[in-house]
Amino acid sequence: MSTTQGWLSALAVVLVFAAGLLAGMETALARVSRVTVEESVREGRRGSRRLAEVVADPARYVNMVLLLRIGCELVATVIVADLCVTWLDETWRAYVVAAAIMIVVSYVVVGVGPRTLGIQHADRIALAGAAVIHPVTRVFGPLPRLLILLGNALTPGKGFREGPFASEAELRDLVDLAEQRSLIEPDEREMIHSVFELGDTLVREVMVPRTDIVFVERGKTLRQAMSLALRSGFSRIPVVGENEDDVVGIAYLKDIVRRGQEHREGEAVETVDSVMREATYVPDSKPIDELLREMQARQIHLAIVIDEYGGTAGLVTIEDILEEIVGEITDEYDRETPPVTWLSSDVARVTARLPVEDLAELFDTEIDAEEVDTVGGLLAHALGRVPIEGSTAEVGSTGNGAALSLKAETIAGRRNRVGTVLVSRTLGVRR
C-alpha cells in the first residue's frame with residue numbers, strides 16, 4: 001500500500017466516522033425537548049443559548065446536518081471504490097466489493113449505532129452538536145436552501161419550502177411507536193393525531209347546523225330574550241332580523257342580565273338589539289386550525305358559519321373545535337339515561353335519540369314522518385323550530401284516532417339539545 005492509498009484509507013475512515021456523528025446529531029436535534037432546552041438556558045449551561053437558536057429554527061440546521069452527512073458518505077464511498085479498483089483492478093469485483101463494504105459500514109456505523117445514541121442521549125448530543133452545526137451553518141449560509149429550491153424546481157408538482165426531510169407522516173409514525181413502547185397512553189396518541197388532523201378539518205364538519213340553532217328576533221324584549229336563554233340553556237344566542245339568514249348580532253345572557261339590573265323598568269320594553277354584540281362570520285370551508293387561532297387572537301367564543309350562497313349554515317364555538325382534539329365535552333349534569341322508562345300505562349320517558357319506528361311500536365301507533373329518524377327530530381319537525389325545554393306537540397294517530405303528545409323534558413349535553421321527551425296518549429288508549 002502506497003502512502004497516498006494510506007492517506008485515502010484514513011480519510012475514508014474519518015469521513016465515515018464524521019457521517020456517524022452527524023447522523024447521531026440529526027437524531028438528537030429531532031428528539032431533544034424544547035422544555036429541556038429552556039431549562040438549560042435558565043440554568044446558564046454552556047452552549048444552551050446556541051442550542052435554543054437551533055431548536056427555534058430546526059429546518060435550517062437539520063438540513064445542513066443532512067447535507068454534510070450525505071457529503072461525507074458519498075466522498076467516503078468514492079474513496080473506497082477507488083481503492084478497490086486499485087487493489088482488484090478495474091473489474092466488476094472491485095465495484096461489488098466497494099458497494100458491499102459501504103453498505104455494511106453505512107448501515108452499522110452511520111445508520112444504527114449513532115442514531116441509537118442520539119435517541120438515548122438526545123440532550124447531551126444535541127448540546128454538543130449545536131456547538132458545531134451553528135457556526136457551520138453561518139459559514140455555508142443559504143447553500144442548503146438553494147439546493148432545496150433546485151430540488152423543488154426539478155420535482156413535478158409543488159415542493160416543500162423547508163425540504164421533505166421531516167414529514168407529518170414520519171411524526172405520526174413516531175407517535176405510534178411511542179404508544180407501542182408505552183411511552184404515551186393510547187388516548188394521548190389519539191389526541192396528538194387529532195391535532196395533526198385539525199388542518200384537514202373544515203368548519204362545516206364541526207359546526208352546529210342551522211336546524212339546531214336557537215335564534216331570537218331583534219324586536220324581542222330583554223325579558224323575552226332572558227326567558228328564552230334560561231329555557232334553552234344557551235348563554236349566547238344569535239339575533240336575527242328579517243329571517244334566519246339575516247344574523248345581525250349575538251345576544252349574551254350576562255349582558256341582558258346586567259342591563260336588566262341597571263334598568264329594571266326597561267326590561268319589558270327595551271329590545272335585544274340594544275345590548276347585542278357584533279357577530280363574527282366565517283365561511284364553512286375554513287380550516288378549523290386557522291379559525292381557532294383567529295378566535296384566540298380576537299378573543300371571541302362563537303362565530304356564525306356562512307355557506308357559499310351567503311346564507312346561515314350554522315354556528316361554531318371554541319368547544320366544537322376543542323372536541324375534535326379531546327373528544328366529547330360533558331359536565332356534571334350529564335347522566336346516562338335508559339332509552340325508555342314507563343311512568344304509567346300511557347306515559348313514557350324516552351331519549352331524544354330513540355328511533356321513530358321504536359316509538360310507534362311502543363305505543364302501537366302509526367307515525368308518518370319520513371323526513372326524520374329520531375324522537376327529537378320528530379318533535380322539531382312537528383314544531384317547525386328547534387325544541388327547548390317545555391316545548392310540546394302532537395304527532396301520529398292510532399286506529400281509534402288517538403294521537404301522541406310529545407313534550408321536551410330535559411336539556412342534555414354542552415349544546416343543550418333535548419335529552420329526554422315525555423310521550424303520552426292524548427285519548428287515554430291503554431297499552
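The values are calculated or read from the model by the stated rules, or taken from the named source; none is laboratory data. Just so we're clear, the structure is a prediction, and the values are computed from it rather than from any experiment. All Cβ positions, glycine included, derive from the backbone under ideal geometry; neighbour counts span all protein chains shown. Accessible surface is based on the protein model in full, side chains and every heavy atom, while ligands, DNA and RNA are left aside. Shrake-Rupley method; radii C 1.70, N 1.55, O 1.52, S 1.80 Å.
Set side by side, the residues Y107, Y61, Y95 differ, and just one is modelled with pLDDT of 85 or more, part of a helix (DSSP H, G or I) and surrounded by 14 or more Cβ atoms within 10 Å (Cβ to Cβ), which is Y95.
With respect to (1) surrounded by 14 or more Cβ atoms within 10 Å (Cβ to Cβ); (2) closer than 18 Å to G310 by Cα; (3) of a type in the set (G, A, S), the lone exception for S285 is condition (1). Residues that are touching a residue at least 12 places away in the same chain (Cβ under 8 Å) and of a type in the set (D, E) were ranked within the stretch 64-90; the one that is surrounded by the most Cβ atoms within 10 Å (Cβ to Cβ) is E73. For the stretch 259-303, the set of residues classified as part of a loop (DSSP other than H, G, I, E, B), in contact with a Lys or Arg (Cβ under 6 Å, 6 or more places away or on another chain) and under 13 Å from M207 (Cβ atoms) consists of D284 only. Of all residues in the stretch 388-431, those being modelled with pLDDT under 80, over 17 Å from D358 (Cα atoms) and outside any strand (DSSP E or B) number 15.
For L8, the requirement of being part of a helix (DSSP H, G or I), under 14 Å from V132 (Cβ atoms) and touching a helix residue (DSSP H, G or I) at 6+ places or on another chain (Cβ under 7 Å) is not met.
The set of residues in the stretch 53-110 that are in contact with a Pro (Cβ under 6 Å, 6 or more places away or on another chain) and of a type in the set (A, V, I, L, M, F, W, C) comprises M64, L67.
Among the residues of this structure, V326 counts as one that is within 30 Å of P186 (Cβ to Cβ) and open to solvent by 50 Å² or more (accessible area, probe 1.4 Å). Pick from R45, R34: which is touching a Leu at 6+ places or on another chain (Cβ under 9 Å), touching a residue at least 12 places away in the same chain (Cβ under 8 Å) and open to solvent by 40 Å² or more (accessible area, probe 1.4 Å)? Sole residue among the options that is touching a Leu at 6+ places or on another chain (Cβ under 9 Å), touching a residue at least 12 places away in the same chain (Cβ under 8 Å) and open to solvent by 40 Å² or more (accessible area, probe 1.4 Å): R45. Among the residues of the stretch 156-164, is there at least one that is farther than 25 Å from D57 by Cβ, modelled with pLDDT under 75 and either assigned to a loop (DSSP other than H, G, I, E, B) or open to solvent by 70 Å² or more (accessible area, probe 1.4 Å) (or both)? Yes. Scanning the stretch 195-211 for residues that are buried (at least 16 other Cβ atoms within 10 Å of the Cβ) and part of a helix (DSSP H, G or I), we see that the one that is nearest to the chain's Cα centre (by Cα) is L198.
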